[in-house]
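The values are calculated or read from the model by the stated rules, or taken from the named source; none is laboratory data. Being a predicted model, the structure only gives us computed values, none of them experimental. Cβ: placed from backbone, ideal geometry, glycine included. Neighbour counts: every protein chain shown. Quick note on the areas: whole protein, heavy atoms, side chains included, nothing else; ligands and nucleic acids left out. Shrake-Rupley method; radii C 1.70, N 1.55, O 1.52, S 1.80 Å.
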Amino acid sequence: MIDTILDYLSNSSAIAILVLVLLSIYLVTVFWIFIYRLLSLNSFIVNEKKSLESLTSRNTTVNPLSSLYKCSNGSTSKHILKACEISIIKDASFGISWLSIISSTAPFVGLFGTVVGILESFAKFSSHSKVGFSIIAPAISEALVATAAGIFVAIFAYTFHQILVRKVYELNTYIKAQAEILIAKG
């Protein structure tokens, strides 16, 4: 397997290698953003859920670990709570748009690598008077690796984006519910 990869890379052009390196950077970035954001969002959600449960119980106090409580400094002003909601969601969703950008651009980066690979193959075969399918097919399949890599990266980026957007929505729900309770009690 590693010999095949090394053989592929040694026979690839600089553009193909550049495309694969860029897609590798994309993939690492996608996983880094996903893991970091997922862990932080889960932490936010746990704190906001506890705070909401505290507000709806007989205790009727806000959890001091709540982001809404920290931001508003205990204020029940509708305007301050709304500003805090916006600020918290903005901070919680930081970096998630990069997943959307990567999921959109990765297939095009891969396609670019494929087109360049096919053009290089045709240029290489132009000096031959007769070229059969058995010679063209391997060159084309090697060029298609870049498109496959781009689609592979895009699948993870899109999936992770959707998961994190759902987590941000869940967080937003807890924050809005707390704000409404605090405004009603205030």
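Quick look at the numbers
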{"quantity": "Members of segment 73-103 that are touching a residue at least 40 places away in the same chain (Cβ under 8 Å), assigned to a helix (DSSP H, G or I) and farther than 30 Å from residue 24 by Cα", "calculated": "78, 81, 82, 84, 85, 88"}
{"quantity": "Which listed residue is hydroxyl-bearing (Ser, Thr, Tyr), surrounded by 13 or more Cβ atoms within 10 Å (Cβ to Cβ) and in contact with a Phe, Trp or Tyr (Cβ under 7 Å, 6 or more places away or on another chain), from 67, 72", "calculated": "67"}
{"quantity": "Residues of segment 120-160 satisfying the condition of being among the aliphatic types (A, V, I, L, M) and farther than 30 Å from residue 28 by Cα", "calculated": "123, 131, 135, 136, 137"}
{"quantity": "Given (1) among the aliphatic types (A, V, I, L, M); (2) assigned to a loop (DSSP other than H, G, I, E, B); (3) at pLDDT 85 or above, index of the condition residue 116 fails", "calculated": "(2)"}
{"quantity": "Test for residue 54: is it free of Cβ contacts under 8 Å to residues at least 40 places away in the same chain, small (Gly, Ala, Ser) and either out of contact with any His (no Cβ under 7 Å at 6 or more places or on another chain) or part of a helix (DSSP H, G or I) (or both)", "calculated": "yes"}
{"quantity": "Matching entry among 176, 124, 130, 185 (being of a type in the set (Lys, Arg) and either in contact with a Cys (Cβ under 6 Å, 6 or more places away or on another chain) or surrounded by 14 or more Cβ atoms within 10 Å (Cβ to Cβ) (or both))", "calculated": "176"}
{"quantity": "Cβ pairs under 6 Å, 6+ apart, first in segment 163-186 and in a loop (DSSP other than H, G, I, E, B), second open to solvent by 50 Å² or more (accessible area, probe 1.4 Å)", "calculated": "186/76"}
